[in-house]
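The structure under discussion appears below in the form of structure tokens.
We did not get these values from a lab; they are worked out from the coordinates using the rules stated. The structure presented is a predicted model; accordingly, all values stated were derived computationally and were not measured. Don't worry about glycine lacking a Cβ; one is built from the backbone with ideal geometry, like all the others, and counts go over all protein chains shown.
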Amino acid sequence: MPSASRNDPCPCGSGKKAKKCCQNADAIKKSGSGGILFQSDVDQLSNATADAIEAGKFDEAEALCAKLTREFPDQLDGCDRFAMLREAQARYAEAAEYYAQALKMIADDPKTFGEETRQLYEKRRQRALRKADRSPRSAP
């Protein structure tokens, strides 16, 4: 089965190109039957987590983040979604810590993750740190 092209629209429905959106777009394949998209279990759980965060359902998102991390410990999705949740909760220092965990995973597996991915997560970590410095929640 051929992989979705990096220039195809991202299967998450954001309208962005796959190369500019989901980091796990390569895990989504087009099936041989009519081009129906298939999402792996990690993609489905990761997307459900993002949907809960975007809907403001933080308790549900917290449980989904924990499940994602527990069931797929070798995937970036758990760190990414926890960071996304913490940013949505204005807990920026914690978000930066999750991005740092993702950066360690990237550094530990350079064959899987390229420099572009490392730069993306470093940019997100730096953004979260800047917000933490300006946030009243981060004050002692």
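Things worth noting here:
- Cβ-derived FRET efficiency at R0 25 Å, GLU115 paired with ASP74, nearest 0.05: 0.80
- Computed FRET value (nearest 0.05) for GLU54 with ARG127, which takes r as the C-beta separation and R₀ as 25 Å: 0.90
- Integer Hz, Karplus 6.51/-1.76/1.60 couplings in order for segment 49-59, x for Gly and Pro: 5, 4, 4, 5, 5, 4, 7, x, 8, 5, 5
- Projected-area mean, segment 53-112, by convex hull of Cα positions, square nanometres: 3.9 nm²
- Among 112-121, 86-95, the peptide with the highest mean count of other Cβ atoms within 10 Å heads the list, and the full ranking is 86-95, 112-121.
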